[in-house]
Each structure stands twice: as structure tokens, then as C-alpha cells.
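K.L.:
Dropping the structure in here first, questions after.
The values are calculated or read from the model by the stated rules, or taken from the named source; none is laboratory data. Because the structure is predicted, anything quoted here is derived from the model rather than measured. Backbone-built Cβ (ideal geometry, glycine too); neighbour counts: all protein chains shown.
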């Protein structure tokens, strides 16, 4: 498995190159983006982030003091805007009540403890928590998303009904515990899922992993 995962990474990196993830100017913007991107495309998140930026709310204290209704109006392009406004307020409330409003204080926690804290915040599930840990806190944890599940199943790495934790353990047990590696690997899988290993009409004949993918080889 270790050899297979390394070969997949090498092929993807050779094809796509470095991805320079996560899109965002600083850790707080990464966190806001991670919450807003739930159930929507990144292009919609960018519009919502631009609105928050123009309003001066891409700042923990200003977002903490802002009215929820105002936040909801600004992030409308991201969809589920009322719910996501509640989630953003829940996060900044947690940040100020537990960590004096300082991300540096929050990120002093060890990865496991940090993950437990984040998962206890309203609206933050495993994928969002792990995105925050990897891309904002720069701590090594492997993010699992829909693209990763689909690709892993098609490559024969896991079952289609694999759980989040099971698939995460598969990657983390067979790769060096390295933040930059996990960062690039996840970003490359997203690129593969978007452009080749699509949910419907996958482009198997052009896929950079076609030589190691049972699905591609069978077509």
C-alpha cells in the first residue's frame, strides 16, 4: 500500500505540478473558506469571501462583533447562508471564549486535541476540522473529501462505503507524517477528481493514473 500511494502521488505531481493550497490570505481566511465551502463550489465561496473582505469582516474580532444577519447577507453567494452565518459566529465565539480570540493560542494544541476542540464547535465536521488543521494550523492530518472517496474506491484502495476515519487512517498509516505532503496530496486528488475522475463521464482514457487504475484499464 505504501508503494502504491507513493506511485499515485508521483504520477499526480508530475501531471499537475504543485498546487499551492489552500486558497486564502492567512489562517483566518482559510478557516472562513473551509466553513463556506461546505456543500458548494469554490467559485461561490470566492464571491462570499470578496463580500466579507469589502465589509472588513475577514478579521476574527470584527466578525465576532458583527450581527449574524449582516454576515448572512454578505455570504449569500455561498448558499445555505443563514446556516453558514451561524457556523461562522459559532467559530469566532469559540475562538474568543476559549482562546482569547487568538488563532496562535488555538494552534498551540497538539493535533489530536485541536481536532477534538474543533469538532465540538457547531457546524464543524471532520472534513472542515481537518482542513483547518492542515491548511490553517499547518499540522499534519490527511483531509478526506468526496473526491478522495471516489478515487480511492475506483483505484481499489478502499470500499465504496469506507468511513471517513478508515480512509484517513489508510493514508496516514502508509505515508510519512508530513504537512506539505498531505497538503499537496489532497490538492492533487481534488484536481484529479475535478478534471478526470469525475462522478459521471470520467475521462479514464486521459487520466494520469490510467496505468494503475482497474476501472480505467477495464475500459
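K.L.:
Go through the stretch 95-140 and give me each residue that's assigned to a helix (DSSP H, G or I) and crowded, with 21+ Cβ neighbours inside 10 Å.
P.N.:
95, 106, 118, 128, 129, 130, 131, 132, 133, 134, 135, 136, listed by residue number.
K.L.:
Okay, moving on. Would you say residue 32 is touching a residue at least 40 places away in the same chain (Cβ under 8 Å), part of a helix (DSSP H, G or I) and surrounded by 15 or more Cβ atoms within 10 Å (Cβ to Cβ)?
P.N.:
Here the answer is yes, as residue 32 does meet what is asked.
K.L.:
Kindly check whether there is at least one residue in the stretch 52-73 that is under 20 Å from residue 127 (Cα atoms), touching a residue at least 24 places away in the same chain (Cβ under 8 Å) and not assigned by TED's automatic domain parsing to the domain that holds residue 168.
P.N.:
Scanning the stretch 52-73, I find no residue that is under 20 Å from residue 127 (Cα atoms), touching a residue at least 24 places away in the same chain (Cβ under 8 Å) and not assigned by TED's automatic domain parsing to the domain that holds residue 168, so the answer is no.
K.L.:
Still on this structure, please answer the following. Please determine whether any residue of the stretch 169-176 is closer than 19 Å to residue 33 by Cα, outside the structural domain of residue 115 (by TED's automatic domain parsing) and in contact with a helix residue (DSSP H, G or I) (Cβ under 6 Å, 6 or more places away or on another chain).
P.N.:
No.
K.L.:
Take residue 39 and decide whether it is free of Cβ contacts under 8 Å to residues at least 60 places away in the same chain, within 20 Å of the chain's Cα centre (by Cα) and assigned to a loop (DSSP other than H, G, I, E, B).
P.N.:
When the stated conditions are applied, residue 39 passes them.
K.L.:
When the stretch 169-205 is examined, which residues are found to be part of a helix (DSSP H, G or I) and more than 16 Å from residue 130 (Cβ to Cβ)?
P.N.:
174, 188, 191, 192, 193, 194, 195, 204, 205
K.L.:
Restricting the search to the stretch 15-39, which residues are closer than 10 Å to residue 75 by Cβ and modelled with pLDDT under 95?
P.N.:
none
K.L.:
Moving on to the next point. Would you check if there is a residue in the stretch 192-211 being under 17 Å from the mean Cα position of the chain (by Cα) and crowded, with 19+ Cβ neighbours inside 10 Å?
P.N.:
Checking the stretch 192-211: at least one residue is under 17 Å from the mean Cα position of the chain (by Cα) and crowded, with 19+ Cβ neighbours inside 10 Å.
K.L.:
Considering each of 128, 148, 111, 163 in turn, give the residue that is closer than 30 Å to residue 204 by Cα and not assigned by TED's automatic domain parsing to the domain that holds residue 178.
P.N.:
Going through 128, 148, 111, 163 in turn, just one is closer than 30 Å to residue 204 by Cα and not assigned by TED's automatic domain parsing to the domain that holds residue 178: 128.
K.L.:
Same structure again: Tell me whether the stretch 154-161 contains one or more residues that are in contact with a helix residue (DSSP H, G or I) (Cβ under 6 Å, 6 or more places away or on another chain) and part of a helix (DSSP H, G or I).
P.N.:
So far as the stretch 154-161 goes, yes, one or more of its residues are in contact with a helix residue (DSSP H, G or I) (Cβ under 6 Å, 6 or more places away or on another chain) and part of a helix (DSSP H, G or I).
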